[in-house]
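S.K.: Attaching a single structure in structure tokens format; questions to follow.
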Amino acid sequence: MLTVTPRTMGLLAMAGLLSVAIMAGLVLGAAPLSPSAVLDAFLDPGADPTSTRIVRDIRLPRVAAGVFTGAALALSGALFQALLRNPLAEPYLLGVSSGAAFGAVLSLTVVTTLPGVIAGTAVTTALALLGGLVAIGVVFRVASVVGRVDTRVLILAGVVVSAFFGAGVMLVLALSRGDAFRSAVLWTMGSLNRATWTGVAMLAVCTLAAAFISFGLARHLNALALGEEAAGHLGTDVERVKRSTYFVASLVAAASVSVAGVIGFIGLVVPHAVRMIWGTDHRTLIPLSLLGGAAALVVADAIAQSVVRPLVLPVGVITAILGVPLFLILLRRSHV
């Protein structure tokens, strides 16, 4: 008799939830479409051209960006929670988001005003990614003490670097005007409005590569949860695992921020909820967090497009509004 394990059931449930979320993302929006119209846009050459354009050119890249951004944030959150051995850790704790935000705001408010410079989504994405990488490098350099990574110093360095880049963002915004100021502020709220297939492809490669590496680290992360000394006795190269985890989690977070801006709570709530329901084994936690994060962000973006039609709210606002009470409930139930 075939036995279905809780892990298999969880994967099937999350995959089903993601499928429903993707359909909701394609159906809902400023101009709602029926599920049949969405299917016709892909399968029927004679489908309504307006509906086909909305589905293929506008909503499909947006949903794809939501899938990989949500997966990246949830994966990053799960890895940081393992590295710091703290279920309340999240992707932006160590300054990645502030560095990326500084790069993006600089692009939107300063680079666009330079003569002869044509700044677009690609330039903003590149500078945001560069800012995130600088923050990652500075935090790691400060936290590397005598050949080892001190997680306590890592947190302190992250807080300081985040404050520094946050001050830089406020300074640039204070000196900017008009449309540039509005664009920069909206970017910092998190949005999938600027989703392009180029950005999606870059983020997909980063997320899939990070997921592959994370699966290889899963057993060592389980050992690390017992403490560094115990993990070492179990055969884990503790420093190598800590460095790998830090860089994978930080890089995938930087990539997601460079594409979609700062979107909170996905990387905090999803891994925390998965851990409460399915346990702390990272061989289960990592894939379920990937699927759960993807589904959660696609649903949140569908809500952002539908709640005040025809306006589209920043998805970061929706994740915060829904994430705060949900996390408080999880926090209460887990007695953290």
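S.K.: Go through (1) more than 20 Å from V299 (Cβ to Cβ); (2) surrounded by 12 or more Cβ atoms within 10 Å (Cβ to Cβ) for A31 and report which single condition fails.
M.R.: The single condition A31 does not satisfy is (1).
S.K.: Do we have V308 as closer than 25 Å to V20 by Cβ and under 13 Å from the mean Cα position of the chain (by Cα) here?
M.R.: No; evaluated as a whole, the condition is false for this residue.
S.K.: A follow-up question, please. Would you check if T188 is touching a residue at least 60 places away in the same chain (Cβ under 8 Å), under 15 Å from the mean Cα position of the chain (by Cα) and within 18 Å of V105 (Cβ to Cβ)?
M.R.: yes
S.K.: So which residues in segment 246-273 are assigned to a helix (DSSP H, G or I), out of contact with any strand residue (DSSP E or B) (no Cβ under 7 Å at 6 or more places or on another chain) and over 18 Å from L288 (Cα atoms)?
M.R.: Quick first cut of segment 246-273, residues assigned to a helix (DSSP H, G or I) only: 246-260, 266-273.
Cutting the leftovers down to out of contact with any strand residue (DSSP E or B) (no Cβ under 7 Å at 6 or more places or on another chain) gives us 247-260, 266-273.
Matches in segment 246-273: F247, S250, L251, A254, A255, S256, V257, S258, V259, A260.
S.K.: Additional query: Being surrounded by fewer than 24 Cβ atoms within 10 Å (Cβ to Cβ), at pLDDT below 95, part of a loop (DSSP other than H, G, I, E, B) and on the phi < 0 side of the Ramachandran plot is true for just one of L106, L88, L94. Which residue is that?
M.R.: On the way: L106 fails: part of a loop (DSSP other than H, G, I, E, B); L94 fails: surrounded by fewer than 24 Cβ atoms within 10 Å (Cβ to Cβ).
Of the residues listed, the single one that is surrounded by fewer than 24 Cβ atoms within 10 Å (Cβ to Cβ), at pLDDT below 95, part of a loop (DSSP other than H, G, I, E, B) and on the phi < 0 side of the Ramachandran plot is L88.
S.K.: If you don't mind, another one. Taking segment 186-207 on its own, how many of its residues are part of a helix (DSSP H, G or I) and surrounded by 15 or more Cβ atoms within 10 Å (Cβ to Cβ)?
M.R.: 11
S.K.: Can you name the residue in segment 274-319 that is assigned to a helix (DSSP H, G or I), at pLDDT below 90 and polar (S, T, N, Q) and, of all such residues, is surrounded by the most Cβ atoms within 10 Å (Cβ to Cβ)?
M.R.: The qualifying residue surrounded by the most Cβ atoms within 10 Å (Cβ to Cβ) is Q305.
S.K.: Next question, about the same structure. For segment 248-273, which positions are under 17 Å from S162 (Cα atoms), small (G, A, S) and either surrounded by fewer than 24 Cβ atoms within 10 Å (Cβ to Cβ) or free of Cβ contacts under 8 Å to residues at least 60 places away in the same chain (or both)?
M.R.: Of everything in segment 248-273, just one residue is under 17 Å from S162 (Cα atoms), small (G, A, S) and either surrounded by fewer than 24 Cβ atoms within 10 Å (Cβ to Cβ) or free of Cβ contacts under 8 Å to residues at least 60 places away in the same chain (or both), namely G264.
S.K.: Going through segment 128-155 one residue at a time, which ones are without any contact (Cβ under 8 Å) to a residue 12 or more places away in the chain, closer than 22 Å to A82 by Cβ and among the aliphatic types (A, V, I, L, M)?
M.R.: V145, V153
S.K.: Given the structure, is L73 under 30 Å from L171 (Cβ atoms), in a helix (DSSP H, G or I), at pLDDT below 85 and under 22 Å from the mean Cα position of the chain (by Cα)? Lay out the reasoning, then the answer.
M.R.: On the way: under 30 Å from L171 (Cβ atoms): yes; in a helix (DSSP H, G or I): yes; at pLDDT below 85: no; under 22 Å from the mean Cα position of the chain (by Cα): yes.
It is false that L73 is under 30 Å from L171 (Cβ atoms), in a helix (DSSP H, G or I), at pLDDT below 85 and under 22 Å from the mean Cα position of the chain (by Cα).
S.K.: Go through (1) farther than 30 Å from P287 by Cα; (2) touching a Leu at 6+ places or on another chain (Cβ under 7 Å); (3) aliphatic (A, V, I, L, M); (4) in a loop (DSSP other than H, G, I, E, B) and name the single condition A31 misses.
M.R.: Status for A31: all satisfied but (2).
S.K.: Failed condition for A78, given (1) in a helix (DSSP H, G or I); (2) without any contact (Cβ under 8 Å) to a residue 60 or more places away in the chain, with all others met?
M.R.: (2)
S.K.: Yes or no: G10 loosely packed, with under 15 Cβ neighbours inside 10 Å and not in a loop (DSSP other than H, G, I, E, B)?
M.R.: No, not satisfied.
S.K.: Do the conditions hold for L251, that is, is it of a type outside the set (D, E, K, R), under 23 Å from L17 (Cα atoms) and under 20 Å from the mean Cα position of the chain (by Cα)? Break it down into steps so the answer makes sense when it comes.
M.R.: On the way: of a type outside the set (D, E, K, R): yes; under 23 Å from L17 (Cα atoms): no; under 20 Å from the mean Cα position of the chain (by Cα): yes.
No; evaluated as a whole, the condition is false for this residue.
S.K.: From the residues in segment 171-185 that are in contact (Cβ under 8 Å) with a residue 12 or more places away in the chain and part of a helix (DSSP H, G or I), which one is farthest from V259 (Cα to Cα)?
M.R.: Of everything passing the filter in segment 171-185, L175 is farthest from V259 (Cα to Cα).
S.K.: If I ask for residues that are modelled with pLDDT under 90, among the small types (G, A, S) and part of a helix (DSSP H, G or I), which ones from segment 213-235 would you list?
M.R.: The answer is A230, A231, G232.
The values are calculated or read from the model by the stated rules, or taken from the named source; none is laboratory data. Just so you know, these numbers come straight off a predicted model, no measurement behind them. Counting neighbours? That spans all protein chains shown, and the Cβs are built from the backbone with ideal geometry, glycine included.
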